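Dropping a structure here in structure tokens format, bear with me for questions.
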Amino acid sequence: MFDLFTRLSAWLIPAIIVFIPLYAAFRKVPVYETFVEGAKDGFGTAINIIPSLVGMMVAISMFRASGAMDLMLGAVRPLFDWLSIPTEVLPLGILRPLTGAGSLAFTADLIATHGPDSMIGRIASTIQGSTDTTLYVLTVYFGAIGIRKTKYALKVGLFSDLVGFLAAILICLYIFK
Amino acid sequence: MVNWIWLFFIVISVVVAAINGRIDAVTQAAFDGAKSGVTISFGLISIMVFWLGMMRIAEDAGVLKKLAKLLSPVIRRLFPDVPANHPAMGYIMSNLSANLFGLGNAATPMGIKAMQELQKLNPDQTTATPAMCTLLALNTSSITLVPTTLIAIRMNYGSANPAEIVGTTLAATFVATGAAILADRWYRRRSSPPPGIHHKQIPIQKSIDPPPIAATASLRKSGGGKVV
């Protein structure tokens, strides 16, 4: 089943890349010219993201380097002990919405230390896989189109991260007990 | 809220660093962060250029419209204020399907393109519309069928069953996405004005593609409560 799926997703991109121009040519669209025309927008869009992304990365990077992140973790740890949830996965709950690369590195480290088939390894994998980096998505998507007033978008994203984090732990504790 | 979080991060960092004697490290981190922001954006250039080119072909050939039509009953419920035949719908569909199949580097350009299309319907170019917030909510909770990166990592560390987390991930993802949709609905309902009061069209600067009457009509409907 998994084999089938990995093979399928390996073929998916090439299939899309060949299907779109072929179908378009069939509909008499000048494919190459259209490609170049659309691709022009890509550069500007990526450049538009730089200011917001730099702002966000600076703040997160400072927060981690100063030791403030560790302090924050220390504050929440007793609650986790009390709920008898493995505290090792706790940093992931805070890292996940902030930095994709950071939380992936942390997950890989947990898997390396405790083993992929340990409860901690399984919970970490599930947390990492089930949500995306909210702050990054918000910065990139809104940065690209110049939205400055984000309304309730961040609250919704962080709320869903929290729910996903707790759900991942509970589901793993239940399924893999 | 973003303003506060940003300010909080920076102020707390400097204060904590001062207490810990890590001022140098924090200064260094600030510039490292700036550099990685630029590196990431530059990394996006090639992906954006390629996929936006591809998607333009798809748009001109009518593939996006077909795709949007295919799943529009579901998506239309989530985006009541976007006209069903608007190009934004097609991009939203491609963004969501790319996420679903774990094609991360295709999902981002399509999501951004969808945002650009939604921006054309936006009367105030600096404030997010409800539709933008919904699209963002769906992306932050990212429904992924198979988390391929994690399976690869688990395989790498000799797991007996690398794919055993597919089920738990899917379940957690569904819960997170459900929570995102519910929270989004809640805020959307709270922030939309009562029916028939506000909706005077604010004259727009450069509306090449002004919100057609259908859009405002469906906005009014969603403002009147009874949304999904």
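Values in this text are rule-based calculations from the coordinates and carry no lab data. Every value quoted in this text rests on a predicted model; they were computed, and no experiment measured them. Please note: Cβ atoms are built from the backbone with ideal geometry, for glycine as well, and neighbour counts cover all protein chains shown.
From A:103, A:118, A:61, A:52, grab the single residue that is over 20 Å from residue B:46 (Cα atoms), among the polar types (S, T, N, Q) and within 9 Å of chain B (Cβ to nearest Cβ).
Of A:103, A:118, A:61, A:52, the one residue that is over 20 Å from residue B:46 (Cα atoms), among the polar types (S, T, N, Q) and within 9 Å of chain B (Cβ to nearest Cβ) is A:61.
Could you look through the range A:64-98, keep only residues that are within 18 Å of residue A:166 (Cα to Cα), free of Cβ contacts under 8 Å to residues at least 60 places away in the same chain and among the small types (Gly, Ala, Ser), and pick out the one that is farthest from the other protein chains (Cβ to nearest Cβ)?
Across the range A:64-98, the extreme among qualifying residues is A:84.
Out of all the residues in the range B:2-19, which are within 7 Å of another protein chain (Cβ to nearest Cβ) and under 27 Å from residue A:152 (Cα atoms)?
B:2, B:6, B:9, B:10, B:12, B:13
Something else now. Could you tell me which residue of the range B:148-157 is nearest to residue A:133 (Cα to Cα), considering only residues that are within 7 Å of chain A (Cβ to nearest Cβ) and of a type outside the set (Ser, Thr, Tyr)?
B:150
Out of (1) surrounded by fewer than 22 Cβ atoms within 10 Å (Cβ to Cβ); (2) touching a residue at least 24 places away in the same chain (Cβ under 8 Å); (3) facing chain B (nearest Cβ under 7 Å); (4) in contact with an Asp or Glu (Cβ under 9 Å, 6 or more places away or on another chain), what's the single condition that is false for residue A:132?
(1)
Follow-up. From the list B:145, B:136, pick out the single residue that is under 30 Å from residue B:164 (Cα atoms), at the interface with chain A (Cβ under 8 Å from one of its Cβ atoms) and under 13 Å from the mean Cα position of the chain (by Cα).
On the way: B:145 fails: under 13 Å from the mean Cα position of the chain (by Cα).
Answer to the check: B:136.
Please indicate, with yes or no, whether at least one residue in the range A:33-43 is among the hydroxyl-bearing types (Ser, Thr, Tyr), at the interface with chain B (Cβ under 8 Å from one of its Cβ atoms) and free of Cβ contacts under 8 Å to residues at least 12 places away in the same chain.
yes
Every residue in the range A:20-32 that is aromatic (Phe, Trp, Tyr) and facing chain B (nearest Cβ under 7 Å), please.
A:23 - this is the single residue of the range A:20-32 that is aromatic (Phe, Trp, Tyr) and facing chain B (nearest Cβ under 7 Å).
With the structure loaded, tell me whether residue B:22 is in contact with an Asp or Glu (Cβ under 8 Å, 6 or more places away or on another chain) and either hydrophobic (A, V, I, L, M, F, W, C) or at the interface with chain A (Cβ under 7 Å from one of its Cβ atoms) (or both) or whether it fails that test. Explain how you work it out, then say what you get.
Numbers: in contact with an Asp or Glu (Cβ under 8 Å, 6 or more places away or on another chain): no; either hydrophobic (A, V, I, L, M, F, W, C) or at the interface with chain A (Cβ under 7 Å from one of its Cβ atoms) (or both): yes.
So residue B:22 does not fit the description; no.
Which helices (runs of 4 or more DSSP H) sit wholly inside the range B:29-128 and have at least 3 residues that are touching a residue at least 40 places away in the same chain (Cβ under 8 Å) and more than 7 Å from chain A (Cβ to nearest Cβ)?
Of the helices (runs of 4 or more DSSP H) lying wholly inside the range B:29-128, those with at least 3 residues that are touching a residue at least 40 places away in the same chain (Cβ under 8 Å) and more than 7 Å from chain A (Cβ to nearest Cβ) span B:87-100, B:104-119.
So, of the residues in the range A:90-122 that are among the hydroxyl-bearing types (Ser, Thr, Tyr) and more than 16 Å from residue A:133 (Cα to Cα), which turns out to be surrounded by the fewest Cβ atoms within 10 Å (Cβ to Cβ)?
A:113
Of all residues in the range B:1-28, count the ones that are in a helix (DSSP H, G or I) and over 28 Å from the mean Cα position of the chain (by Cα).
Matching residues across the range B:1-28 total 16.
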